[in-house]
Structures are given as C-alpha cells and as structure tokens.
Amino acid sequence: MSKLSLGPVGIALNVSADDTYLKDAAEAEELGYSAIWLPGGQIDSLDRIAKIVGATTSVPVVPGIIALDVYPAAAVVKLYAQMQASAPERFVVGLGGPQRPRPLRPLNDYLDELDRAEPPVPAGRRILAALGPRKLELARDRAAGAVALLVTPAYTRQARRILGGQPTLIISQMLVLDTNADRARQAARGPLSFLSGVSGYRANFARMGFTDRDIADLSDRLVDELVIWGSADQITARVSEHLDAGADQVALTILNSGGQPGPIDVARELAGRLPADLRPGHARAS
C-alpha cells in the first residue's frame, strides 16, 4: 500500500444551513490548505461530503469522522463508488467508533464489509479515528493511517512509533486565535466539556499524564496542552511541533466565541503565516 498523502495542513469546516460552508471550502482550497475536513458531529447527511467535493477542484475531502453506529457500511460503499466515478481519489473515508465497550470487534466487522463490497472501499483510502494503542495498531494494519484529536506532541511521537513510518498520521488540532487567556480558555472548554465525558478521550487524557482533577475541572494545564490558543505565530509554532514529532498532517479546527474571529477569518490569517516549508508545494526539511 502506498502512503496516503494529504499534505501538511488541513482545515475543518463548520456546516451552515445556508451552505456558505461550500464557499468557505473553495476559499480554503485557494488559501492553500491541503485537505478539507468535515467534523463528524456535523455530518447529518453523507451528501455533505459530496457537496464539498463538488465545491472544490482538487483538494482531498475527509469526514472526521463517519460514525459506524450511525451510517451502515453499505451507505459508505455507495458514496465512495459515486465519488470515485465523479471525482477520483478526492474522497478519503474517515471512520470512527462505535462508542461502546469493546469496540474493536464491530469496527473490524465494519471494515470486513468495506473489503467485501463490490467495488470495495480499499484500505488505502480509509483513515481510522484512533487514540489508544490497539486502535492505532488496527489503523496501521487495516487502513491508510489514523487521525487523533486532543493530543500533545509527546503523544504524536508515541503514535508514530506504534504506526511505523508508512501509515499516515493526522493530528486534529483545536485552536483559538486569541491572546486573552480567559476568553481563549472559555472557548476551548466548550467542546472539551463534552468530549471529556467520552470514555475514550478520558482514558487517553490519563495516558498522557493528566490527573483525575485535571480532567474533572478541565484545568488550565489540560486546556493549554490540548487546545492551541494565542497569536497566529504561537499557533503555527504548535503545528510545527506536531509535524516535527511525526504527524503527516495537522488538521485545524477553529473555535470561537463572543467577539473572536470566525473560522474563515482565522483561516485567512493563519494561511499567510504558515512557514514556507509547511505550505503545499514545499518539501519539509529531513
């Protein structure tokens, strides 16, 4: 299996009722972001993915993630076949879950269905959401790689060791463009308050060294290490840390509240500050 290349910096888009996210997708591609991600919680229909592919020209489009307990394998097979016919190699199937005890068996069963389909959804076009070692190993063995959310650069180094050199490792990175600590942390704690209640995230927080009190209180330490906030230069510096630690791509999820700039405004600001060797078309130094 050849390495899946998604470029160094992707960006996640928020779905909007008036479809302005499609215009944002086209602009993000023009700004140089190398993949467009659609957050799993906003995939109310798989048609959202097809619409983003149609609104852009060549950038890969990745759902992050399609929930196995929401969409059956047959629906994913159908969408993948349609996308391959209309826009070959543009759609990468991002899969995650299910959120239940002992998830590896149903996940393996789902992957078996994708393998047996006619035509199949090949392992080389699948990315698995993975945090713990066993899911990382599954992503290594049965997909093109893994995507991890709410992790530190130290975690990125460990994940790269588990995956080895060939699989693609994407770090989904939440950020707030705001140098005011109170405002930035408030924006970060919104999604953290929900995700910290999901068993897989809580377990991974503990593996990364956060205490029970850190997790229960969403401590400043936890927030500051898992969500980038600050100036554009501070944000791009953390992007570089993840890439240097072994990530193939950092996919940016922009958070905001109150008077903070909206996602597409932040995307414009950050695109102009990415170091030259992180922009599409520039090779990273070895």
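The values are calculated or read from the model by the stated rules, or taken from the named source; none is laboratory data. Treat the numbers as computed from the prediction; the structure is a model and nothing was measured. Note that we place each Cβ from the backbone using ideal geometry, even for glycine, and neighbour counts take in every protein chain shown. What goes into the accessible areas is simple: the full protein's heavy atoms, side chains included, and nothing from ligands, DNA or RNA. Shrake-Rupley method; radii C 1.70, N 1.55, O 1.52, S 1.80 Å.
For segment 91-130, the direction-averaged projected area of the alpha-carbon convex hull comes to 2.9 nm². When the chain is treated as a GNM with alpha-carbon contacts under 10 Å, the residue of I43, I66, I11 showing the greatest mean-square fluctuation is I43.
Farthest toward the positive end of the dipole of the chain, out of N180, A203, L4, is the Cα of A203, where the dipole comes from beta carbon charges about the Cα centre.
Note on segment 11-106: dipole from Cβ charges, positive end direction compared against N14, I65, P106; the farthest Cα belongs to P106.
Applying both filters, DSSP loop and at most 13 other Cβ atoms within 10 Å, to the GluC sites (Glu not before Pro) of segment 1-107 gives E89. Counting charges near G262 (Lys, Arg +1; Asp, Glu -1) among other residues having Cβ under 15 Å from its Cβ returns a value of -3. Counting 0.36 nm for each residue step from S45 to R134 and taking away their Cα separation leaves a gain of 29.1 nm.
Subtracting the Cα-Cα distance of A74 and R105 from 0.36 nm times their residue separation leaves 9.4 nm of extension gain. The residues packed around L114, meaning those with a beta-carbon under 13 Å from its beta-carbon, carry a net charge of 0 if Lys and Arg are +1 and Asp and Glu are -1. A simple charge model with +1 on the Cβ of Lys and Arg, -1 on the Cβ of Asp and Glu and nothing else charged puts the dipole of segment 172-214 at about 80 debye relative to its Cα centre.
Can you tell me the relative contact order of the chain? Whole percent, Cα pairs under 8 Å, sequence separation 6 or more.
Values: 493 pairs, mean separation 58.0, N = 286.
For the chain, the relative contact order is 20 percent.
Once you divide the Cα radius of gyration of segment 129-286 by 2.2 N^0.38 Å, the number left is 1.03. Based on alpha-carbon atoms, the Kirkwood radius and the radius of gyration of the chain give Rg/Rh equal to 0.94.
Return, ordered by residue number, the residues of segment 221-254 whose backbone nitrogen is under 15 Å from a label point located 7 Å along Cα→Cβ of K3. Counting backbone N atoms under 15 Å from the label point, the list is 243-250.
Ranking P122, Y155, A139 by Cα position along the charge dipole of segment 109-162, where only Lys, Arg, Asp and Glu carry charges on their C-beta atoms, puts Y155 farthest toward the positive end. Relative to the current alpha-carbon distance between V198 and T20, full extension at 0.36 nm per residue lengthens the span by 61.0 nm.
How big, on average over all directions, is the shadow cast by the Cα convex hull of segment 199-258, in nm²?
5.3
When Rg and the Kirkwood Rh are both derived from Cα coordinates, the Rg/Rh ratio for segment 131-212 amounts to 1.02. Our summary gives segment 1-158 a relative contact order of 18 percent, counting only alpha carbon pairs under 8 angstrom and 6 or more residues apart. The relative contact order of segment 108-162, computed from alpha carbon pairs under 8 Å that lie at least 6 residues apart in sequence, is 29 percent. Other residues within the sphere of radius under 15 Å centred on the Cβ of S16, judged by their own Cβ, net out at -4 (K and R +1, D and E -1).
Need one number: convex hull volume per residue for segment 1-69, Cα atoms only, in Å³.
96
For segment 51-121, the equivalent ellipsoid derived from the Cα gyration tensor has semi-axes of 24, 14, 8 Å, listed largest first. Accessible area per residue for the chain, computed on protein heavy atoms with a 1.4 Å probe, is 44 Å².
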